[in-house]
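What follows draws every value from the coordinates through simple rules; no lab data is involved. Remember, it's a predicted structure, so these values are computed and weren't measured experimentally. Note that we place each Cβ from the backbone using ideal geometry, even for glycine, and neighbour counts take in every protein chain shown.
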Amino acid sequence: MNTPMIYRVTLHQDTYVDSVIQLSGTRAMRQVKGVDWAAAAIATPTNLKSLAAEGFDLADLGSAGANDLFLAVRACGPDAVTAAVEAGEAAMFAPRVAAEPVDGRRRARSLAEALERAPEASVAVISVPGDYAALEAHKALSSGLDVLLFSDNVSVDAEIELKDRANRLGRLVMGPGAGTAMLGRVCLGFANVVRPGRVAVVAAAGTGAQEAASLVDRWGIGVSHVIGLGGRDLSADVGGRMALSAVRALLDDAHTDVILLVSKPPSAPVARAVLEAAADAPLIAALIGVSEDFQAPPGVVVTRTLEAGALAAVRAAGGSTPDVTRGLLAKVERASGELAPERTLVRGLFSGGTLCYESLVILSEVLGPVYSNTPLDKAYGPPVPGGAHSCLDLGEEEYTRGRPHPMIDPAARIELLAEHGADPAVAAIILDVVLGYGAHPDPASELAPLCAEIIATGGPRVITYLLGTDQDPQGYATQRRAFEAAGCLVTETAARASLAAAALATRIPELVTRPL
């Protein structure tokens with residue numbers, strides 16, 4: 001007999017918390033025994049629509065809006081519901097209580113009040129609904145602060161206005177939608193812990209910035225700064241407004257010798273203008289999938305993958321480049337011999353949007369069309385037909401609506417990993433695992449057991465790429481050992497993971513040594 005589910009929504013009015021804290025609450029509730037579904041989120045129209053789709057009565061929320069927080073739980077009994085709400089509230093609010101000033105004053109409720117308490121502050125991190133984000137960013141600029149604009153849903157016109165004003169004031173506006181930065185050795189948003197060094201990363205791609213910085217660190221050359229631009233900065237509309245400002249500032253930075261610019265394919269004229277601004281300094285541009293006929297200014301190195309860009313930056317900084325294929329060919333040859341002949345497909349399950357895009361570029365050049373929810377060509381968008389290769393960006397809205405981002409909670413990937421692991425046509429599954437601040441504290445503990453089960457029962461090979469460093473809270477070496485113990489094939493770069501998957505699907509092991 002099925003136990004009837006109990007639905008409960010708890011509303012905290014006039015309580016806004018950023019997305020990372022919301023996700024911590026969601027994760028805490030879903031870990032409670034007996035909980036079938038749960039979410040902590042701001043009562044935006046999109047989130048309310050998702051809540052209704054899960055069977056909740058929106059009448060329970062009254063006139064809740066974008067300044068209100070709800071905790072929704074569907075569980076098999078009242079005790080489980082109560083325990084879940086308590087766990088969610090503890091996860092979200094306990095850290096805030098612990099962070100209260102020792103003098104007993106309440107937390108600052110405005111930018112002006114925060115600056116009064118911390119007049120030495122130089123950066124404002126803004127994570128509010130998009131309708132309000134631009135105004136708060138303008139306030140920060142007026143107060144003499146650089147801005148990391150974590151919020152998305154900010155219009156292009158508002159972005160241009162903000163960046164034009166920042167340029168007039170000699171300030172940075174990183175974003176909108178900028179989730180990664182490191183300034184003055186301080187990590188902001190999703191970021192990896194890297195050693196001090198002479199390479200600065202300027203990126204219009206969040207996980208692209210993390211991948212570039214982590215590789216440069218792991219290959220012995222540290223990082224001076226990571227400046228996130230927001231994904232639209234190098235578009236024709238925005239015109240590289242902040243990329244130009246960041247590059248010019250780094251040219252005068254005493255701690256930076258080499259600049260590594262990272263982007264998905266930008267507007268070609270905009271990219272050239274940015275590269276010309278740094279023609280007198282060592283500059284590497286990792287423009288993922290950029291056209292091979294792209295004309296760069298003399299002296300600027302342009303690559304089409306993050307791996308190649310990081311290798312070029314290490315060389316420019318005087319370092320020794322590693323052999324990124326060491327031992328990989330033998331492992332792929334052995335795995336190829338163990339696969340059943342009917343296994344010919346590749347499945348990519350990504351938490352990083354930039355890494356998913358790079359994989360699409362690499363796989364498409366080797367295997368032909370690869371379907372995706374973020375396709376290179378609209379003709380290869382969803383749904384994925386039978387017998388086709390696919391790469392999914394699980395950080396996109398259709399997978400994160402009402403549930404945590406896969407960097408924070410691997411639940412969505414575990415479901416899909418089990419599904420594709422049981423598909424007799426799949427040869428290889430690619431998993432990127434992002435470490436660092438903001439990410440899951442021990443992703444191997446969640447993902448590796450299922451990987452081991454899939455591999456041990458004769459399923460597809462799981463190819464894992466770990467984005468991170470040994471200084472990250474999770475520990476790169478520790479995580480790598482756990483995935484290798486599960487039987488996963490762990491690669492040195494994200495690009496090599498895609499080539500390894502293609503090699504297994506085609507039974508051509510030599511593909512893993514292909515130059516990029």
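Label zone of residue 135 (point 7 Å out along Cα→Cβ, amide N under 14 Å): in segment 42-79 this covers 66-67. For a paramagnetic label modelled on residue 294 (point 7 Å from Cα along Cα→Cβ), amide N atoms under 12 Å away belong, within segment 209-251, to 234-235.
Just so you know, the Rg over Rh for segment 299-399 is 1.04, from Cα atoms, with Rh as the Kirkwood radius.
Here the chain carries DSSP beta bridges of which approximately 30% are antiparallel, counting only pairs with both residues inside. Just need log10 I(q)/I(0) for segment 6-98 at q = 0.24 Å⁻¹, Debye formula, equal scatterers on the alpha-carbon atoms, no solvent, rounded to two decimals. The computed values of log10 I(q)/I(0) come out as -1.26. Tell me, rounded to the nearest percent, the portion of alpha carbon pairs in segment 111-316 spaced more than 29 Å apart. When all Cα pairs of segment 111-316 are counted, 19 percent exceed 29 Å. Model label sites at residue 273 and residue 334, defined 7 Å from Cα along the beta-carbon direction, differ in position by 5.3 nm.
Please list 451-461, 236-246 highest first by mean number of surrounding beta-carbon atoms within 10 Å per residue. Show your work: numbers first, answer last.
Working: 451-461: 18.6, 236-246: 21.8.
In descending order of packing, they fall as 236-246, 451-461.
Taking each residue as 0.36 nm, the span from residue 57 to residue 252 lengthens on full extension beyond its C-alpha to C-alpha distance by 64.5 nm. Sequence-ordered 3J(HN,Hα) estimates for segment 234-250 from the Karplus curve with 6.51, -1.76 and 1.60 and θ = phi - 60° stand at 8, 6, 5, 5, 7, x, x, 4, 8, 4, 4, 5, 5, 4, 5, 5, 6 Hz, glycine and proline given as x. Packing order of peptides 249-258, 420-429, highest average first: 420-429, 249-258 (average count of other Cβ atoms within 10 Å over each peptide's residues). Across the chain, the volume of the C-alpha convex hull divided among the residues equals 158 Å³ per residue. For segment 328-513, the convex hull spanned by the alpha carbon atoms encloses 103 Å³ per residue. The peptide list 315-323, 477-485, 186-194, put in order of mean Cβ contacts within 10 Å with the highest first, becomes 186-194, 477-485, 315-323. Taking the inverse of the mean 1/r over every pair of distinct Cα atoms in segment 348-423 gives a Kirkwood hydrodynamic radius of 12.7 Å.
Each 10 Å bin from zero up to the one holding the largest Cα-Cα distance in segment 192-274 carries the following percent of pairs: 20, 50, 27, 3. For residue 285, the residues 5 or more places off, or on other chains, whose built amide H falls under 5 Å of its own are 261, 301, 302, 303.
Net charge near residue 158: determine it from the other residues with C-beta under 14 Å of the C-beta of residue 158, scoring Lys and Arg +1 and Asp and Glu -1.
Values: positive: 139, 163, 165, 232, 241; negative: 131, 136, 152, 157, 159, 161, 164, 233, 237.
Combined, the nearby Lys, Arg, Asp and Glu give -4.
The distance from the alpha carbon centre of segment 495-516 to that of segment 349-428 is 18 Å, rounded to a whole number.
As a proxy for reagent exposure, ranking 293, 152, 409, 18 by other Cβ atoms within 10 Å from fewest up yields 293, 18, 152, 409. Placing unit charges on each Cβ (+1 for Lys and Arg, -1 for Asp and Glu) gives the chain a dipole about its Cα centre, and among 429, 336, 7 the Cα reaching farthest toward its positive end belongs to 336. Once the Cβ-Cβ distance of residue 112 and residue 185 is raised to the sixth power relative to R0 = 35 Å, the FRET efficiency obtained is 0.80. Each of 255, 119, 351 was placed along the dipole of the chain (beta-carbon charges, centred on the mean Cα), and the one lying farthest toward the positive end is 255.
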